[in-house]
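Structure first, commentary second.
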Amino acid sequence: MTDETADGPGYAIAEDGSFTAPLTLAYPYARTVGPTYGTFLTGLAAGKVHATVSADGTVFVPPAEFHASTGEALTQWVEVASEGEVVSWSWESAPGNAQPFDRPFAWVLVCLDGAGTSMLHALDVTDPSEVRTGMRVRVRWAADAEPGIGAITCFEPVTTGGAS
Amino acid sequence: MRDVAVVASAHSAVSATTDTPIELLIPVINEALANAGLERREVDFWCHGSCDYLVGQPFSFVSAVDALGAWPPIVESHVEMDGAWALYEAWIKIQTGEADTALVFGNGKSSVADMFRVMALQLDPYVEAPLGTDQIALAGLQARMALDAGVITERDMAEVAARSRRDALANPVALVSGEVSVDDLLAADKVRDPLRAHDIPAMGDGVTAVVIAAGDRARSLASRPAWIRAIDHRIDAQRIGGRDLIGVPSAVAAAERCGVGGDRIDVAEIHAPFTHEELLVGRALGIDAATTRINPSGGALVSNVLMAAGLARIARAAETVLDGTADRVIGHATQGPCLQQNLVCVMEGA
């Protein structure tokens, strides 16, 4: 196979003669996240989890700007714990780039103590036998994090002492 | 309200092709028009559903007009959604009296990237999408929640896969088909716990095109039109941790507004790329599997052409009315992560 027109990583000419080239899309803009996410994402960088509360007492983590059913604007804030419970999980057996780990791990929905909704993140376990619904987990904070979801490195199991 | 019916349809699907979207569109649009006995110039309104993220080119959908023929000028529109939502727009267009006939089409090329990761870009851009997850991981979270709650079982999911693959034997554009036992499926390893390979859809490149028409125009184009008696779509909150993933409230709401429970349903084509989704949507719509034939085409599980698979469900359900094998049917379509948005279309032969 000649390779006269294909150069650079990812460029190739297939058996049928078709040429393939990589296309990497990027979104290189800065934009404001607004007051609700601004409070939440800035709080994460300080090791705090801020949540909005609706009139019916539902605590939203991550915070919602509006109640999806009633349309109520949510401006009341509470702080919730950085520890909670796995509501559901699924196994990442083929991790790719830009994921929290480069080896297999669990995706989890975690309901933090005091919250009425759950949040998506990764759990630092290496085998499906180490995760179950209802298990206790806590936030592992990134060191010197910028405001953003990246201030949470992942969740990690809470060990209760004694035999593991 | 004007009576509007599906009068003809056509489909294509392959696992991967280097054909351009336009090259894929032309034969299927021609086939749908031929099935309706309609000339291009007789189409009052063209409506297209697709997603630019699939090919990674902003406004790539505009080039699809080349497959329609834009001279003399035509009236056309596009939704950045599955073609089922284009059908909804065309139905409204006909209701306004601005059109009597419409050709609706949805198309997608799933083979050009890892679409399970591309579709996860629909997630919240600040707190979910940056994690780099994919649609299979999200489907697994939803499936496990339903499994843990005892609402479905892994055997139920395998039965969906076995039935879909068996039905796919009669579907010439199915990408996966065959006789397989539920026990054999369950004996396989979980590839993305709790999901096994049979729970995950076969992705395809292709097109679905549907012709709809009003009143006497529909009667002149088909001997037994599939009359749209009700159509509605509803949406749930975006974040998957902030809504009822098991109950699928938006599907419940759409079904209620369409009066689904008012009479028996002969056939339900449910847009469920993942096995557990068919079970959850079936519950939400109030479908009784004992009296309703579910996904006789094999469904999106065996041929998941992104942005066409939802419209294909409406078309496949309509085809059972057009060929006289069913009287009252449902076509369902979904969009967004974990069944976020749901459309229900009830069609009848009389």
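Whether any residue in the stretch A:145-158 is away from chain B (no Cβ under 13 Å), open to solvent by 50 Å² or more (accessible area, probe 1.4 Å) and at pLDDT 95 or above is what I want to check. Within the stretch A:145-158, none of the residues are away from chain B (no Cβ under 13 Å), open to solvent by 50 Å² or more (accessible area, probe 1.4 Å) and at pLDDT 95 or above. Residues in the stretch B:252-269 that are in a loop (DSSP other than H, G, I, E, B) and in contact with a Lys or Arg (Cβ under 7 Å, 6 or more places away or on another chain): B:263, B:264, B:265, B:266. Within the stretch B:208-251, being open to solvent by 40 Å² or more (accessible area, probe 1.4 Å) and either modelled with pLDDT of 95 or more or in a strand (DSSP E or B) (or both) holds for B:216, B:217, B:219, B:220, B:223, B:224, B:229, B:233, B:234, B:235, B:244, B:249.
Given the options A:98, A:64, name the one that is assigned to a loop (DSSP other than H, G, I, E, B) and surrounded by 13 or more Cβ atoms within 10 Å (Cβ to Cβ).
A:64 is the lone residue from the list that is assigned to a loop (DSSP other than H, G, I, E, B) and surrounded by 13 or more Cβ atoms within 10 Å (Cβ to Cβ).
Hey, among the residues in the stretch B:130-152 that are without any contact (Cβ under 8 Å) to a residue 12 or more places away in the chain and within 9 Å of another protein chain (Cβ to nearest Cβ), which one's most open to solvent (accessible area, probe 1.4 Å)? Checked the stretch B:130-152; the qualifying residue most open to solvent (accessible area, probe 1.4 Å) is B:148. Checked against the criterion of being of a type in the set (D, E, K, R), open to solvent by 10 Å² or more (accessible area, probe 1.4 Å), within 30 Å of residue B:59 (Cα to Cα) and in a helix (DSSP H, G or I), the candidates B:117, B:155 yield just one match: B:117.
One line per residue, one yes/no per condition, for (1) within 12 Å of chain B (Cβ to nearest Cβ); (2) farther than 24 Å from residue B:142 by Cβ:
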position: A:47; (1), (2): no, yes
position: A:60; (1), (2): yes, no
position: A:72; (1), (2): no, yes
position: A:97; (1), (2): yes, yes
position: A:108; (1), (2): yes, no
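Scanning the stretch B:180-207 for residues that are within 14 Å of another protein chain (Cβ to nearest Cβ) and either outside any strand (DSSP E or B) or surrounded by fewer than 21 Cβ atoms within 10 Å (Cβ to Cβ) (or both) yields B:188, B:189, B:190, B:191, B:193, B:194, B:196, B:197, B:199, B:200.
Of everything listed in (1) out of contact with any helix residue (DSSP H, G or I) (no Cβ under 6 Å at 6 or more places or on another chain); (2) part of a helix (DSSP H, G or I); (3) not charged (D, E, K, R), the single unmet condition for residue B:289 is (2). Exactly one residue out of B:251, B:226, B:214, B:218 is in contact with an Asp or Glu (Cβ under 8 Å, 6 or more places away or on another chain) and under 23 Å from residue B:309 (Cα atoms), and it is B:226. When we screen B:164, B:177 for residues that are among the hydroxyl-bearing types (Ser, Thr, Tyr) and assigned to a loop (DSSP other than H, G, I, E, B), the only hit is B:177. Of all residues in the stretch A:12-28, one or more are out of contact with any helix residue (DSSP H, G or I) (no Cβ under 7 Å at 6 or more places or on another chain), facing chain B (nearest Cβ under 8 Å), among the polar types (S, T, N, Q) and open to solvent by less than 70 Å² (accessible area, probe 1.4 Å). Output the residues belonging to the stretch B:252-263 that are more than 14 Å from chain A (Cβ to nearest Cβ) and modelled with pLDDT of 95 or more. Scanning the stretch B:252-263 gives B:254, B:255, B:256, B:257, B:258, B:259, B:260. Under the condition of being within 26 Å of residue B:143 (Cβ to Cβ) and without any contact (Cβ under 8 Å) to a residue 24 or more places away in the chain, the residues counted in the stretch B:254-273 number 1. For the stretch A:77-86, the criterion of being open to solvent by less than 20 Å² (accessible area, probe 1.4 Å), in a strand (DSSP E or B), modelled with pLDDT of 95 or more and under 30 Å from residue B:116 (Cα atoms) is satisfied by at least one residue. Within the set B:99, B:90, the sole residue that is open to solvent by less than 40 Å² (accessible area, probe 1.4 Å), at pLDDT 95 or above, more than 14 Å from every other protein chain (Cβ to nearest Cβ) and assigned to a loop (DSSP other than H, G, I, E, B) turns out to be B:99.
In the stretch A:137-151, the residues that are within 25 Å of residue A:87 (Cβ to Cβ) and without any contact (Cβ under 8 Å) to a residue 24 or more places away in the chain form no Cβ pair under 6 Å with any partner that is open to solvent by 30 Å² or more (accessible area, probe 1.4 Å) and assigned to a loop (DSSP other than H, G, I, E, B), whether six or more places apart or across chains.
The values are calculated or read from the model by the stated rules, or taken from the named source; none is laboratory data. Computed from a prediction, not measured in an experiment: that's the story for all the values here. We place every Cβ from the backbone using ideal geometry, glycine too, and count neighbours over all the protein chains shown. Calculation scope for accessible area: heavy atoms of the full protein, side chains included, ligands and nucleic acids excluded. Shrake-Rupley method; radii C 1.70, N 1.55, O 1.52, S 1.80 Å.
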